[in-house]
């Protein structure tokens, strides 16, 4: 590959206009609902190139946090009955 092509490829990746989905998690909620069995599924989801994520200590939705696994995607709450349900809903957003 020519040096010119390498530089072009680098800048194309760096300044890609592909929109990423921003997913925000409450750390307390993750601690409550994500198990050793579901943790690898979350890792796989979060490692996708179209996903950006951030974990917050608390997202101030305490009642919901105690009841169900949830995430916020671009400001909208996504709720699952169990962690697998949440991941299924998050995967449909792509």
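Before moving on, here are some points about what is shown:
- Restricting the stretch 55-85 to residues that are out of contact with any strand residue (DSSP E or B) (no Cβ under 7 Å at 6 or more places or on another chain) and assigned to a helix (DSSP H, G or I), the residue that is surrounded by the most Cβ atoms within 10 Å (Cβ to Cβ): 83
- Just one of the listed residues (52, 36) is within 21 Å of residue 75 (Cβ to Cβ) and either assigned to a loop (DSSP other than H, G, I, E, B) or at pLDDT below 95 (or both), namely 52.
- Matching residues in the stretch 33-54 - criterion: being surrounded by 15 or more Cβ atoms within 10 Å (Cβ to Cβ) and more than 16 Å from residue 88 (Cβ to Cβ): 53
- Flag for residue 54 being under 18 Å from residue 19 (Cβ atoms) and touching a residue at least 24 places away in the same chain (Cβ under 8 Å): yes
- Filtering 4, 88, 24 for residues that are part of a helix (DSSP H, G or I), out of contact with any helix residue (DSSP H, G or I) (no Cβ under 8 Å at 6 or more places or on another chain), modelled with pLDDT of 95 or more and at negative phi leaves a single hit, 88.
The values are calculated or read from the model by the stated rules, or taken from the named source; none is laboratory data. This one's a predicted model, so the numbers in the text were calculated from it and none came from an experiment. Please note: Cβ atoms are built from the backbone with ideal geometry, for glycine as well, and neighbour counts cover all protein chains shown.
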